[in-house]
1. Modelled label-to-label distance, A:Asn290 and A:Arg664, 7 Å Cα→beta-carbon offset: nm?
2. Ranking A:Ile795, A:Ile296 by Cβ neighbours within 10 Å, fewest first, what do you get?
3. Where does each of A:Ser123, A:Ser200 land when they are ranked from fewest to most other beta-carbon atoms within 10 angstrom?
4. Can you pull the mean other chain C-beta count within 10 Å for peptide A:108-117?
5. Along the positive direction of the dipole of segment A:19-227 (beta-carbon charges: Lys, Arg +1; Asp, Glu -1; about the Cα centre), which of A:Pro87, A:Val130, A:Pro32 reaches farthest?
6. At 222 nm, what value in deg cm²/dmol follows for the protein assembly as shown if DSSP H runs of at least 4 each add -39500 (n - 2.57) and the sum is divided by all its residues, to the nearest 500?
7. Note down the relative contact order for chain B as a percent, whole number, built from C-alpha pairs under 8 angstrom at least six residues apart.
8. Once you list every other residue whose beta carbon is under 14 Å from the beta carbon of A:Lys310, what net charge do they have if Lys and Arg are +1 and Asp and Glu are -1?
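Each value in this text was obtained by applying a stated rule to the coordinates, not by laboratory testing. Note that the structure is a prediction, hence the values are computed from the model and not measured. Positions of Cβ are backbone-derived with ideal geometry, glycine not excepted, and every protein chain shown enters the neighbour counts.
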Amino acid sequence: MPKKRSPLPSLPDSPALPAAFAQWFAARGWAPRPHQLALLAAAQAGRSALLVAPTGAGKTLAGFLPTLVELAERAGTGGLHTLYISPLKALAVDIARNLEAPVAGIGLEPRVRIETRTGDTPSHKRSRQVARPPHILLTTPEQLALLVAHREAAELFSGLKRVVLDELHALVTSKRGDLLSLGLARLHRLAPGLATTGLSATVREPDALRRYLVPQVPAPAMADLITVAGGARADLHMLETGRTLPLAGHTAWQSMPAVYDLIRRHKLVLVFVNTRLQAEYTFQELWNLNDDGLPIALHHGSLDATQRRKVEAAMAAGVLRAVVCTATLDLGIDWGDVDLVINIGAPKGASRIMQRIGRANHRMDEPSKAYLVPANRFEMLECRAALDAVEAAAQDTPDPRIGALDVLAQHVLGMACAGPFSEDDLYDEVRAASPYADLTRDDFLLVLDYVATGGYALRAYERFAKILRGPDGLWRVRDARTAQQYRMNVGTIVESTTVKVRLARRNRTKPGSVLPAGGRVLGEIEEDFAETLTVGDTFLFAGEILRFEGLHEDEALVTRGPPGTDPAIPSYAGSKFPLSTFLAARVRALIADPFEWDRLPAQVADYLVQQRRRSVLPGPRDLLVETFPRANRYYLACFPFEGRLAHQTLGMLLTRRLERAGMRPLGFAANDYGLAVFGTRDLSERIGREPGFLDGLFAEDMLGDDLEEWLDESAMMKRTFRQCAVIAGLIERRHPGQRKTGRQVTISTDLIYDVLRKHQPGHLLLRAARQDAATGLLDVARLGMMLARIQGRIIHKALDRVSPLAVNVMLEIGRERVYGEGADEILAEAEAALLDEALA
Amino acid sequence: MALPLKLEKTHKTPGVTLAGETLALDLSGGLWLPEHRTLVVSDLHLEKGSAYAARSGQFLPPYDTRETLATLHEAVARLEPARVVALGDSFHDAQGPSRLDVADRALIAALQEGRDWIWISGNHDRAVQDGVGGRFADTLAVGGLTLRHEPAAAPEPGEVAGHFHPVGKVAMRGRAVRRRCFVLDATRLVMPAFGSLTGGLNVRDKVFDELFPGGFTAHLIGDGRVFAISRTMLTRE
C-alpha cells in the first residue's frame, strides 16, 4: 500500500490513470509511484512484467492497479479477470482485506467482486466460485492446481486477463514453484491473451524470474523488468557485549541480557532464530531475565495453530513487546509495528537476513533497524560477512530449479482429470514452463507411463491403468475415483508426520501414572523425534520443560517437568539452514586477508592470529587439512566452509575411504564450517609417508560409487524418496485427523524403496529422489563444486595438537552419531540388558 | 564411543526350545526345525503389490513377490529342508495366484520340487485351495508342535502361529530401531511376517499381553543376527 511520504517525485497525472484513481490518490495526499505507473503501462500494452522492489515500495498496489483500472473501465459483469497467487494463504486473506479500501474509495464497489480461495474455503463456496467466479480471485499454488484440473477449467479461465504472483522469489525455489509453473503454463494455453505480473524482493538473477513468468514455447522469452532501486539503507549492527564468546555452541546465552535490554528500549521486537530448539531456548532465557514482566511471546511452526493465531493477533493489537520466532515469520504479513529486528545466531544467507531485516519498519523511506547476535566466534565472522553483503546489497538466492519429475507426474494426472489431452500438446505445454523448458521427450513419456501404470519394467498393472489412451489418441482419466484420489493428494508440501503433544493429567488413584485425556494440546512434534523418546525423558517444548509419559493413540502425553531440571534430550528435528555458498565465500575471504581483521571484533582477530601462529590460514580457494593426535585418537580436520549438509555427506564419504585405506576411522562430526574425522591410526604419519594420499582421499571420484553406495543406504535418502512417492501419488497422503489404526495399515515407503532399488534402480521415482538429494538434503552439488575447487589446492599441516580453528568442530564431537553405529549395536545393547537381568 | 565397525553375520541362533522341540530362529524370518528338516515361513502375502493396484489404484512396485521368493529361495538353498510349511496368508488375497507373473509361478514350482510343501490357510487366502502346487491344510502337527495361522484363544503347548506380524522397537540414546521379531514364551511362538511388503504390529500391543499373559521374550531380526530382547526393553509405537 502507498505511504504518506513518497521518496519519489510525484508525477503529473499519467494519461494511463483514470480520473477516479487520480482523485483517490490525491485525496490521500499520495501520488502514484513511477514503478506503479510503469507496471500499468506494461499491462496496458498487454505485456508481462517482473517488478523487483524492496519492502515497503507499494508492490501489492502496483500489482493490482492495472486490474482495477481495467475493471473500472469495463462495462458489464464479465468473468474471472485476475488471479492473485501467494505462497501463504494468510497473505491472500490479508491482501483481500487491504484491497477493500482502494476498491471502495475508487467507487468500484459493488461492481468488482474480490474473493479468496484457500484450503479453508468451504466446499459450497468453492463450487460457486467455479460456476460464478469473482473478478479477482486470491489463492495459493495448490488451489490453482486444483482449479486447472477442474473439468470446467477451460470455461472458467477463458476470459482471464492477468495473473499476479506475489513473493515470487520465495515461490520459485521449491517444488511448489515447479507445480505453479505448470499451472501457469496451462493458464497461458487456456487464456492466450494472458499477461503475468511477478512481484519480488531483490534477487540475484532476475532473468530466471522473468523467464518463469512467460511461456518458453515456441521460443525462450522473458517478461519485462521493472526495478525499484534502493529503499533506505538498513541501520544494521553486530551486537557486541564485550564478553568473550565461546568457540562453539548456538545458544548465545552470553548476549541474552543485552538482547533483553534492547527489547526494553523498543516498542515491538522480532527476535529471529534459526531452529525451533533455539527458539525454545531463547524464549526461556528471556523469560528468566524478564524482571519487568514484559509481554514476550513465542512463535514457531510446531506450536498449536490456535496459539500462533493468538500471538499474531496480540502483535497486531500492539500488546506484545517481543516475539521469539523462526522462519514462520520470515514472509508475509505485518502483524504489528515492529521497530527492531534481532537475529540470533548465524545469518546463514545474505538474502535471508535482508528479508528478516525488512520485517522491521515496513516503510521504504525509513531505515529498518536490526542487530545480528553471534553465538560463537565463528558466527562473528559470519555476521561480519553478512553485514558486508547487506551493505553491498549482494544476494545469494539459489539458482533456478530444474523441474522435478514427481511434480510433473502429479500435474499430468491433474491434466487428465481436466479433460482428454494429446501427448504432443501436453509435452509442448509443459515445456512452456521455464523449469521444464529442457524436459526431453523421453522423460516426458516416462512420466506418462508412470502415471498410467506405475512405470514398472514388469508390466504388471496395464489393466489397472489410471490414464488410458483412447482410439482417438487422446489420454483420459480412468474414472471418477481416480480423479478424486488426485484431488486428495494435490500439492508438494509433504509434512513430516507429526504427533500432538498433550498435557496429561496425573492419575490421583494410581500415583506415577497419567490419564490420557483431558489436558490441553501444546503443539506437535515430528513422529521421528517422538519415536526416540522413552518414558521419563525430558525435553524443551512450547517454552517449558516437559516430561514424556508415553504415546497414547497418536498423541504424545507429557507432564510438566520438575522445575530447575535440564532437558535430557538435547534437540529435535527442526529446520536448520546451511550456510549459503555466497556467504561462505565471503567468510573464507575474510579469514584469508589479515588487513580485513581490523573490522572484526578483537576476540575474533586474536583467534585468527593464534591460528596463523600454530597452523596456517588458508587462502580463499584453498582447503586446509590438519592432522593431529589427541587422547589415543588420531584426527583429521578440514575446513571447506560449505555448510553442514555438504560436510555431513563429505564426512560419510571420507570415513568410507579411510576405512578402505585401512585407517580404521571411528566417527566424524561436522558443522557449517568444517568437519573432523577420528580413528585409531596415525594419519599424519601416513600422509607424510605416502605423497598423494591426501589428494587421493579428496579426489572428485568420491562422488561416484562411494556416494551412490552410501546414498542408497542413507536415511535421508529414504525420507526424500517418501516425499517424492507422496507427491507423485505412489502412496496416498496421510491427512491430518486421519487416525492410525492399531494394526498398521500404511505401507512403509522404506520397504518400497528397498524393493524398488533392488529390482528397478532406474525407476522414475528413484531418479526424482536422487535429483532432490543432489540439491537438497545432502547438498551433493555443492560438495562437487568444492571438490573441483580444491583440486591441487589442499594445504596439509601435521600438528602435535588441536589448532584454534579445529576446536570449533571438535566441540561437535559427541553430539552426533558415530560412524558404523548401526541398528545391530543398539539391539546388542538391549540384549545385553536382558543377560544382565538373567545373571543378576 | 569406540565401536566395532562390523558385527559378523550369522544365521545360527542359540538353542531355543518349545514343547521339547529344538527351534532355530532364522535370520531370514523363517523357523527351522532341524530334527524334522522342516522350514516354516509365515505371512508371505504374495501379490500384495498387485492387490493394491487392483483395489485402490496405488501402484506399489510389483516386485514384492519376486523379493519374498528370493529370500525364501536363499533360506531353502542353505537349509535344504525336506518340508516347507507356509503358515497362512501366503497370498494377500484370493485372486493372488491368478495375478502371479509367469516367472514367479516358475520360482514357486522350483522351490517345491523334491520336497513336501504345505500351504496352511490363513484369513487372507482361505479361498486359495489349488493351482499353486503343494498340499493344503488348516493345521499341521510336527513332532510336539502344532502349526496354524492364527493363535488359538486357549493356549495350547507347542503352538506355532503367525497372523499378527509382530515387530519390536528398541529406543536408546536418541535412536529407535524397529524390527520384525519372533515372540516366544514357554508354551507358544508367534512368527514374524516373511513377506517383503508386510507391515507390523508392535509387540507392546495388548494383543500380545493376551497371548502371553506371563510375559514373553522377543527375538528381533537384526542386520547380522537375531537378538533376544526382554519385554521391558521394548517400547510402544
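1. That separation, rounded to one decimal, is 5.4 nm.
2. Values: A:Ile795 17, A:Ile296 21.
Fewest-to-most ranking of A:Ile795, A:Ile296: A:Ile795, A:Ile296.
3. Working: A:Ser123 7, A:Ser200 23.
So the residues, fewest neighbours to most, are A:Ser123, A:Ser200.
4. On the way: counts 0, 0, 0, 0, 0, 0, 0, 0, 0, 0.
That works out to 0 on average.
5. It is A:Val130.
6. On the way: 37 runs with 391 residues, N = 1077.
The helix-only estimate for the protein assembly as shown comes to -11000 deg cm²/dmol at 222 nm.
7. Values: 535 pairs, mean separation 48.7, N = 237.
The normalised contact order for chain B reaches 21 percent.
8. Around A:Lys310, the charge tally is +1.
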